[in-house]
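Working notes, structure below.
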Amino acid sequence: MRHTRRLFTSLLALLVLAGLSTSLALAAPPAQDPEAGKAVWGEALCQKCHGEAGEGMWAGPLAGSDKTADEWITQVRSPRNRMPHFSADKISDQMIIDMHAYLTTLTKPESFALADAGLAADAPAGQQLLVDKKCVACHGTSGPVGGFANRGETPTVEAVLTQLRTPRNNMPMFMAEQVSDEEAGLIAEFLASQVAPSALPATGGSGPSAWGLGLLLLGSGLLLAGLAFRSLKVRS
Ligand code: HEC
Ligand code: HEC
C-alpha cells in the first residue's frame, strides 16, 4: 500500500515536471545568438548585396533592421522582387535568426544609395541585366566567364538557365519571377561574347603565346650575342 502511494506521488511529480518543462519550452522564443550570427554573416553571401556591415550596397541596408526574424525568414525563402532564394540547406532558419540578432545590434545607416556599376549607357542588354538582376554583386560586370573560359566552353542559354534554376555550390536560386528565360538568353549572349573566341585558351601547341616565347628567346639571344661582341671589341 505504502509502495503504491509512493509510486503514485513520484509519477505525479514527474508529470508536473514534464508539463512544466514543455510549457516553458513552448513559451521560450527560439534562442538568438548574435555572436554566432556575426560569424554566419561573415560567411554567408547576404553581404555581397547588403554590404559588409549590412550598410547596403547592391540592395538596401539590413543593419538596424526594423523587421522581425520571421519576416527575414519569409524574405529569404520567398523573396520579393529581385532578391534570389536561399534554400534551407544553404542557410538554415537558425542561421537567419542569429544573423538577424547580430544585424539588429548595428546602427541603421542614415542614408543609403545603391552602388553604381558604372556601365556605359549603350552597354549590351545582357550586361545591363547582370547589373539589374544583381548578378554583379558576386560576378562583377563581366559576369561568370572565368569558369567557361577555363573549360574551353562557350556559355549557352541552357548552362545559364541550369545554374539559375538549380544552382551548384553556393549560388542562390533565381526563379522566373527574378530572371525570365528570355532575360537568361540575353545574359548568355553577352557572356558568350566575352568568352568566345579570342578569350578562349588556345588549343594545340603553337598558339600565339608559343610564338611570343620564341620571339622573346630569340631577342634575348641576340642581346647576349651583342653584349659578348661589344666586350670582345672593348678588350681588343
Ligand atoms: C543578389 C542580391 C541579394 C542577396 C545575395 C541577398 N539579398 Fe536580401 N534583398 C535583396 C534585394 C534586391 C532586396 C529588396 C527586395 C525588394 O523589396 O524589392 C532584399 C531584401 C531583403 C530583406 C527585406 C528588407 C526589408 O527591410 O524589407 C531582407 C530581410 C533580406 N533581404 C535579407 C537577406 C539575407 C538574410 C540574405 C542572405 C541569406 C540576403 N538578403 C541576400 C538582394 C539580395
Ligand atoms: C550571391 C552570389 C551570387 C549571385 C548574386 C549570382 N551568382 Fe552566379 N554563381 C555564384 C557562385 C558561388 C557560383 C559557383 C561558382 C563555381 O561553381 O565555381 C556561381 C556560378 C554561376 C554560373 C556558372 C559558371 C560556370 O563556370 O559554370 C553561372 C552561369 C552564373 N553563376 C550565373 C549567374 C547569373 C546570371 C546571376 C544573376 C541573375 C548570378 N549568377 C548571380 C554566386 C552568385
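No lab work stands behind these numbers, since they all come straight from the coordinates. In this text, all values refer to a predicted model and were calculated from it rather than measured experimentally. We place every Cβ from the backbone using ideal geometry, glycine too, and count neighbours over all the protein chains shown.
Tabulated data for the structure shown
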read-out	value
Zero-based 10 Å bins, Cα pair distances in the range 34-103, whole percents	22, 63, 15, 0
Lysines with Cα under 22 Å of K48, excluding same-chain neighbours fewer than 8 positions away	K38, K67, K90, K108, K133, K134
Estimated inter-spin distance, E52 and M175, nm [label 7 Å along Cα→Cβ]	3.4 nm
Mean Cβ count within 10 Å, highest first, over the residues of peptides 170-178, 55-63	55-63, 170-178
Shape parameters for the range 125-195, alpha-carbon atoms, Rg then Dmax in Å	10.9, 31
